[in-house]
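As structure tokens, the structure follows; a few thoughts come after it.
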Amino acid sequence: MINLAQRDITHSLGKFLTTAAGVGMLLGVVLIMIGVYRGLVDDANILLKDTRADLWIVQKDTLGPFAESSRIHEDVKNQIKAFNGVKDVSAVTFQSLQLYRNNQAIRVFAMGYDVGSFYTPHLLIEGRPLIAEHFEIIVDKKTGFKLHETIFIGRDIFTVVGITKDAVSSSGDLMVYFSLPDAQKLQFLSSNEQIRNDRARGNKDTSTTTANAIIATLYKGVNGSQLAHEIEQWKHVKVFTQEEQSTILTKNLIERSSKQIGMFTVILLLVASVIISLIIYTMTMGKIKEIAILKLIGASNAVIVKMIVQQSVLLGVLAFLAANLFSHTLVDLFPKRTILISSDALMLLVIVTIVSVLGSLFGVRSALKIDPASAIGG
Amino acid sequence: MAYAQPLKLTLLVPLEDEMKNTSQSVIKVEQLSKTYGKGENAVKAIKECSFEIFKGETVALLGPSGSGKTTLITMIGCITEPTHGKLTLDGELIYDQKWRISDTRQLRREKIGFIFQSHNLIPFLNVEENITLVPLMNQTNHLIARKKAKELLDYLGVGDKLSAKPSQLSGGQSQRVAIARSLANNPKIILADEPTAALDGERALSVMHLLKKLASEQNVAIVVVTHDERMIPLFDRILRVNDGIVSEETKQTP
Ligand SMILES: Nc1ncnc2c1ncn2[C@@H]1O[C@H](COP(=O)(O)OP(=O)(O)O)[C@@H](O)[C@H]1O
Ligand SMILES: [Mg+2]
């Protein structure tokens, strides 16, 4: 039997391929959007994972620095270190900063840590970790700063000693790293003006011995939650395990923005589905005359349905391939991390196939109603 | 007018009883009627008509525009559902107040060949595929189907157009391909609705001669709707349709 779908497609190949490419681009956008969503969720945990800490000691009655403002005296770290089972500690600070490169502002998220402690930025790809107590900075590659470049921050000049790759904060800002004293200075007595302001107000509490949290690693086999509980009983602090901190992060921070993007992705997918169905429906309706002739000369419904469904599925599959090509070509142009994974693509393929078949069913329904008599005359 | 030779036709208005004994009925129409629409808008296109057509007969359907010719021919072709009456094709009861067969399309592709005013070829199939499609749907071996297509096209003088697309054919060529298609399934009945309307006089006449020849050679019953009075001598019988009423016209011996 002659394959009608194939004959029709090759008869107007250009039109068919253009349609497939168009639908493919639309689906490509869906894939990228899913990738953006994945990137967002993944990025949010990068900083936390990078600490490789077991416990987070934060200001009492707070959820820690990722959720709200948390201040804790730096000295607490020494008391924490004294607890049985604690291997090492580091006081850490977090703050948003504006760096300037060629007069262009770059928003970054700065982390300060105890140089020489267990913590070191693991995403380092170039240069070295911080060694000096002052005026060294590690930046992420995407900030554009090069190794050994100097940056003017606050009242000081910093030298780039290391470059990280894909280091971002939970909100996707590029990371930079300072030594704890430098970070404290930046955070707690930012500029001359602020100092003058503070002095004018008689506010002398500009202590540089404040941190946002203490992170700690434990010896193997030590029960983190038990120790956290123990510390909380002795000290006026709140202690979270790494997992708890991660949950807080996902719940408080990413949940809404990821829901936002997730929602958008779902809508995009729905719109794409509607468009694909409409295109397939229109494609079928464009063949009313041919279908009427087929019925007239005695073609069974099976022959007609097969033609429509085969074309629709082929369109869907071609569009899907185009979508992958499209998204993989464009993905690197996105400033924030966009993760394309094959299981998402596979899921899209399943959806596209279902939508194509459903779309063609609408077409089939109308096609079966076409009166063969309509082919006569004219 | 090379084809307009006088045909040796005998007066053919046989009595039904006589016919039944000598010839086999292929189309039998009894009290068949068709009304389009309902209530005030109802149009009685065909009003209780009855006639019978036999194997190998060529019948012309004549009548003014809007008289119901297309309606009648499409009812016989099981394309238009009648409103009342009875239709028997090739001895099988097809319609009796309702369809009596489950698959009218199967009947069409197995027993009926259609030729219409516009050629109605499928644009995305080439000439050969347009012709072999119906036989292939009837499970005919594809080599046999292709051989037959080639023969028909050669016979119709368009054997060189086998792999052409309909868009590459002239009006006359398309119509001849359409005729080849109508013959490809070895039909018992050929229904043609103004098949020569798109052709010039010479071609029109040659097409009619061809159909005539087929009728006698292959014993096919042919019903042709036509306006062209010049064609009348070619037919065995004339059915006049006037405002939905069908009447047999006595043919004059030339
Ligand atoms: N599908 C239809 N719906 C309503 N009226 C129709 C339809 N087809 C034909 N008619 C009407 O039936 C009558 C006969 O039409 P038709 O069979 O096409 O005549 P002819 O072929 O002799 O020109 C006309 O009045 C026409 O308007
Ligand atoms: Mg008509």
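The values are calculated or read from the model by the stated rules, or taken from the named source; none is laboratory data. Keep in mind that this is a model prediction, so the values were computed, not measured. Backbone-built Cβ (ideal geometry, glycine too); neighbour counts: all protein chains shown. What goes into the accessible areas is simple: the full protein's heavy atoms, side chains included, and nothing from ligands, DNA or RNA. Shrake-Rupley method; radii C 1.70, N 1.55, O 1.52, S 1.80 Å.
Treating cross-link reach as a plain straight distance, find the lysines whose alpha-carbon is under 17 Å from the alpha-carbon of B:K251, omitting any fewer than eight places away in the same chain.
B:K8, B:K212
Check cross-link reach from B:K98 to the lysines: straight Cα distance under 22 Å, and skip same-chain residues fewer than eight apart.
Qualifying lysines at Cα under 22 Å: A:K295, A:K369, B:K28, B:K34, B:K38, B:K44, B:K47, B:K69, B:K86, B:K111.
Identify, among A:Q79, B:L234, A:V89, the residue whose Cα sits farthest towards the positive end of the charge dipole of the protein assembly as shown, taking +1 on the Cβ of Lys and Arg and -1 on the Cβ of Asp and Glu, with the dipole about the Cα centre.
Among A:Q79, B:L234, A:V89, the one farthest towards the positive end of the dipole of the protein assembly as shown is B:L234.
Whole Å is fine, so just give me how far the alpha carbon centre of the stretch A:24-65 lies from that of the stretch B:221-235.
82 Å
Amide H of A:L63 versus every other amide H placed in the peptide plane: which residues, excluding those fewer than 5 positions away on the same chain, fall under 5 Å?
Under 5 Å from the amide H of A:L63 lie the amide H atoms of A:E68, each far enough along the sequence or on another chain.
Given the options A:M175, A:M347, A:M33, state which has the largest fluctuation in a GNM of chain A using a 10 Å cut-off (strictly under) for Cα springs.
Sorting by GNM fluctuation, first place goes to A:M347.
Quick check: at a probe of 1.4 Å, how many percent of the accessible area of the protein assembly as shown sits on carbon and sulfur atoms?
Roughly 54 percent of what the probe reaches on the protein assembly as shown is carbon or sulfur.
Name the residues of the stretch A:355-378 whose accessible area, probed at 1.4 Å, falls by at least 20 Å² once all protein chains are in place instead of their chain on its own?
Listed in order, they are A:P372, A:A373, A:I376, A:G377, A:G378.
Compare the peptides A:74-85, A:20-31 by average per-residue count of other Cβ atoms within 10 angstrom and give them in order, highest first.
Packing proxy ranking, top to bottom: A:20-31, A:74-85.
Can you list the lysines whose alpha carbon is less than 23 Å from that of A:K259, not counting same-chain residues fewer than 8 positions off?
Excluding near neighbours in sequence, the set is A:K49, A:K251, A:K336.
What quantity of accessible surface, computed with a 1.4 Å probe and excluding non-protein components, is buried in total between chains B and A, in Å² to the nearest 100?
2300 Å²
Out of all Cα-Cα pairs in chain A, roughly what percent, to the nearest whole number, are more than 34 Å apart?
Looking at chain A, the distances longer than 34 Å represent 48 percent of pairs.
What does the charge add up to near B:K44, with Lys and Arg as +1, Asp and Glu as -1, over the other residues with Cβ less than 11 Å from its Cβ?
Spelling it out: positives minus negatives among the neighbours equals 0.
Could you provide, to the nearest whole Å², the per residue accessible area of chain A with probe 1.4 Å?
49 Å²
Have a look at the stretch B:172-207 and report residues whose accessible surface goes down by 50 Å² or more when the remaining protein chains are included, against the chain on its own, probe 1.4 Å, ligands and DNA/RNA excluded.
Residues losing area: none.
List, by residue number, every residue in the stretch A:260-296 with a reduction of 10 Å² or greater in accessible area between the chain on its own and the complete protein assembly, 1.4 Å probe.
Correct list: A:K289, A:E290, A:I293, A:L294, A:K295, A:L296.
Rank B:H119, B:L93, B:F54 by how far each Cα sits towards the positive end of the charge dipole of chain B (+1 on Lys, Arg Cβ; -1 on Asp, Glu Cβ) and give me just the farthest.
Final value for the positive-end residue is B:H119.
Specify which residue in the list B:T132, B:A164, B:L211 is farthest towards the positive end of the charge dipole of the stretch B:103-254, using unit charges on the beta carbon of Lys, Arg (+1) and Asp, Glu (-1), about the Cα centre.
It is B:T132, whose Cα lies furthest towards the positive end.
Is the C-alpha gyration tensor of the stretch A:313-354 telling us rounded, prolate or oblate? Criteria: a/c under 1.5 is rounded; beyond that, a/b larger than b/c is prolate, otherwise oblate.
Verdict is oblate for the stretch A:313-354.
What residues qualify as long-range amide H neighbours of B:F116, i.e. H under 5 Å apart, gap of 5 or more or another chain, H built at 1.01 Å from N?
B:D193
Taking the mean number of other Cβ atoms within 10 Å as a proxy for protection, how do you rank A:293-299, B:98-104, B:64-70, A:266-272 from highest to lowest?
Sorting A:293-299, B:98-104, B:64-70, A:266-272 by mean packing, highest first, produces A:293-299, B:64-70, A:266-272, B:98-104.
Output the relative contact order of chain B, whole-number percent, from Cα pairs under 8 angstrom with separation of 6+ residues.
Answer for chain B is 28 percent.
What whole number of Å gives the distance from the Cα centroid of the stretch A:323-365 to the Cα centroid of the stretch B:37-53?
Centre-to-centre distance over Cα atoms comes out at 55 Å.
Could you please report the charge total around A:R38, scoring K, R as +1 and D, E as -1 over all other residues with beta-carbon less than 12 angstrom from its beta-carbon?
-1
Taking a quarter of the surface of the Cα convex hull of the stretch A:297-378, what do you get in nm²?
7.9 nm²
Once every DSSP H run of n ≥ 4 in the protein assembly as shown is given -39500 (n - 2.57) and the sum is divided by its residues, what mean residue ellipticity at 222 nm do you get, rounded to the nearest 500 deg cm²/dmol?
-13500 deg cm²/dmol
If you bin every alpha carbon distance in chain B into 10 Å steps from zero, what whole percent lands in each bin?
Taking all Cα pairs of chain B, the binned fractions are 7, 30, 36, 22, 5, 0 percent.
What accessible area per residue, rounded to a whole number of Å², is obtained for the stretch B:214-254 using a probe radius of 1.4 Å?
Result: 47 Å² of accessible area for each residue.
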